[in-house]
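First the structure, in the form of structure tokens, and then the observations on it.
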Amino acid sequence: MAGKKLCELVKEGFHKEDPKAYKGLLRGAKHACKRCGRAATKAKCLCKPTRI
Ligand SMILES: [Zn+2]
């Protein structure tokens, strides 16, 4: 999943294929995607990151 945004991965079904890894990415999330409403620990995982 290197280089891919979490937003894209979720569209491809990543959260269903590997829910454990997905939850790991959400744990302690400090950023959210303005465009998709997705939350993630790292801003670079999102296409339109904003701090939460
Ligand atoms: Zn996004």
Using only Cα atoms, what Kirkwood radius does the chain have, in angstroms?
10.6 Å
Enumerate by residue number the trypsin sites (Lys or Arg not before Pro) in the chain meeting two conditions: DSSP loop (anything except H, G, I, E, B), and at most 13 other Cβ atoms within 10 Å of the site's Cβ.
Lys4, Arg27, Lys30, Lys34, Arg35, Lys42
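Throughout, read-outs are computed from the coordinates displayed, never taken from laboratory work. It should be emphasised that the depicted structure is a prediction, and the values quoted were computed from it without experimental measurement. All Cβ positions, even for glycine, are placed from backbone atoms using ideal geometry, and neighbour counts span all protein chains on display.
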